[in-house]
Amino acid sequence: IAALHRVQDQLSRRILLAQALALVFSTQVAKQGLGPHLDALGRNPDYRPTIRVYLTEGKGADILAVKVPDDPLPARHLSNLSTITQSLGLAPRVELHDLIRTMHTPGRAVTLPVVAPRSLPNGNTTLTVTGIGLFSRDTLVGVLRPPASSGYMWLAAHIGNRIMPVSGHGLATAVDLLVVSSGSRLQARWEGARVRSLEARVHADVRIMAVHGPELRPDKQHLDQVKAVAEDHICREVEQAIRRAQALQSDPFGFGERVHARMSRVDWQKLNWERAFRRMPVRVTATVRIRSGGMMLRPLQSRIRP
């Protein structure tokens with residue numbers, strides 16, 4: 001902010017910050033704490049509260065230097081990218097007002113998408129999301145990479161229009177499922193005034209999009225097998241995300257919010273939720289509903305007369 005003021009002092013015209021579309025922080029700055037920066041940005045009326053916020057493991061100049069052929073403005077490309085990656089369940093879309101509100105919400109840690117330049121085979125460069133940054137208060141403590149980042153998105157209920165390939169575990173053929181919608185429910189199990197365990201339930205509505213290999217028979221037995229493998233796939237992704245977050249003592253899922261709602265302020269301060277969350281057992285369950293089994297067609301060659 002001070003650097004921006006120094007630049008403004010050298011210009012005869014005012015810098016219009018209301019047109020800004022993206023804020024990009026380096027991970028080095030985030031590890032030192034975003035609190036002072038967000039306080040200054042939140043108090044500055046020139047910045048729109050809907051401006052989207054990102055992290056980069058390099059320098060912000062590297063992001064601005066990317067020239068996307070379809071969109072000459074990197075910030076606009078970033079804005080579109082965040083919308084797409086959220087719908088695909090890769091990373092959350094975070095706006096400035098959401099970031100500030102979450103940072104002051106007891107029991108919930110901040111997350112930010114991590115972006116980086118990526119070279120394409122044709123020689124062009126684009127921007128891609130590489131993970132989700134996890135915070136403890138205002139300090140970056142680590143990054144969730146796939147598939148753990150997808151596990152976080154299942155609990156954040158941000159997955160829709162995502163292709164989920166499932167295979168193995170006795171499934172005769174690999175199947176591509178389209179996630180139509182998803183949701184989650186978090187609970188804390190109490191014994192008296194103490195939290196004993198946590199529970200995360202995920203539900204998803206899917207459609208079968210493609211079957212790779214021998215033809216899948218659309219009977220109940222085979223559809224139940226696909227359903228079981230998909231539920232196991234979701235549980236493994238969610239468990240990876242929770243284990244990683246617990247190791248970093250960061251709760252981006254909101255378990256702490258539910259615990260905080262039932263505790264007094266004094267008891268909450270004594271609890272030290274970040275440390276308690278690290279040792280807390282978490283049970284994960286998933287329920288998948290196959291809304292459409294797809295249309296089973298004979299291969300084209302079998303329909304050609306000799």
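The values are calculated or read from the model by the stated rules, or taken from the named source; none is laboratory data. Everything numeric here is computed off the predicted structure, so don't read it as measured data. Reconstructed Cβ throughout: ideal geometry from the backbone, glycine too, with neighbour counts over all protein chains shown. Remember, those area values only see protein heavy atoms, side chains included, never the ligands or the DNA or RNA. Shrake-Rupley method; radii C 1.70, N 1.55, O 1.52, S 1.80 Å.
When you look at LEU90, is it touching a strand residue (DSSP E or B) at 6+ places or on another chain (Cβ under 8 Å), more than 30 Å from ASP267 (Cβ to Cβ) and modelled with pLDDT under 90, yes or no? It is true that LEU90 is touching a strand residue (DSSP E or B) at 6+ places or on another chain (Cβ under 8 Å), more than 30 Å from ASP267 (Cβ to Cβ) and modelled with pLDDT under 90.
Among residues that are within 24 Å of VAL141 (Cα to Cα) and either of a type outside the set (Phe, Trp, Tyr) or open to solvent by 40 Å² or more (accessible area, probe 1.4 Å) (or both), VAL238 is included. Among the residues of segment 10-50, just one is among the β-branched types (Val, Ile, Thr), at pLDDT 90 or above and either open to solvent by less than 30 Å² (accessible area, probe 1.4 Å) or in contact with an Asp or Glu (Cβ under 8 Å, 6 or more places away or on another chain) (or both), namely THR27. For segment 120-134, the tally of residues that are open to solvent by 40 Å² or more (accessible area, probe 1.4 Å) and under 17 Å from LYS59 (Cβ atoms) stands at 2. Scanning segment 215-271 for residues that are over 28 Å from the mean Cα position of the chain (by Cα) and over 25 Å from LEU178 (Cβ atoms) yields a count of 7.
Here is a list: ALA241, ALA276, ALA230, ALA200. Which entry is touching a strand residue (DSSP E or B) at 6+ places or on another chain (Cβ under 9 Å) and part of a strand (DSSP E or B)?
Values: ALA241 fails: part of a strand (DSSP E or B); ALA276 fails: part of a strand (DSSP E or B); ALA230 fails: part of a strand (DSSP E or B).
From the options ALA241, ALA276, ALA230, ALA200, the qualifying one is ALA200.
Each residue in segment 148-196 was checked for being in a strand (DSSP E or B), open to solvent by less than 40 Å² (accessible area, probe 1.4 Å) and more than 28 Å from LEU134 (Cβ to Cβ), and 4 of them qualify. Just give me the residues in segment 39-58 being charged (D, E, K, R) and in a strand (DSSP E or B), in sequence order. The one that is charged (D, E, K, R) and in a strand (DSSP E or B): ARG52.
Out of GLY131, GLY142, one residue alone is farther than 30 Å from MET263 by Cα and part of a strand (DSSP E or B). It is GLY131. Determine the pairs where a residue that is within 12 Å of HIS203 (Cα to Cα) and among the hydrophobic types (A, V, I, L, M, F, W, C), located within segment 164-188, has a partner that is at pLDDT below 90 and outside any strand (DSSP E or B) with Cβ atoms under 9 Å apart, the partner being 6 or more residues away or on another chain. Cβ pairs passing all conditions: VAL179/GLY89; VAL179/ILE159; VAL179/GLY160; VAL179/ASN161; VAL180/GLY160; VAL180/ASN161.
Which one is nearest to GLN269 (Cα to Cα) among residues in segment 97-114 that are open to solvent by 20 Å² or more (accessible area, probe 1.4 Å) and in a loop (DSSP other than H, G, I, E, B)? Looking at the filtered set, the residue picked out is PRO106.
All of VAL53, VAL68, VAL7, VAL94 fail the test of being under 19 Å from ARG118 (Cβ atoms) and either touching a residue at least 40 places away in the same chain (Cβ under 8 Å) or exposed (fewer than 13 other Cβ atoms within 10 Å of the Cβ) (or both), apart from VAL68. Looking across segment 43-62, the residues that are closer than 18 Å to LEU17 by Cα, of a type outside the set (D, E, K, R) and in contact with a strand residue (DSSP E or B) (Cβ under 9 Å, 6 or more places away or on another chain) come down to TYR47, PRO49, THR50, ILE51, VAL53, TYR54, GLY60.
Of all residues in segment 71-89, those that are assigned to a loop (DSSP other than H, G, I, E, B) and either open to solvent by 80 Å² or more (accessible area, probe 1.4 Å) or on the phi > 0 side of the Ramachandran plot (or both) total 3. Residues of segment 201-247 that are at pLDDT 85 or above and among the small types (Gly, Ala, Ser): ALA204, ALA228, ALA230, ALA241, ALA245, ALA247. Answer yes or no as to whether ALA30 is out of contact with any helix residue (DSSP H, G or I) (no Cβ under 6 Å at 6 or more places or on another chain), in a helix (DSSP H, G or I) and touching a residue at least 60 places away in the same chain (Cβ under 8 Å). In short, yes.
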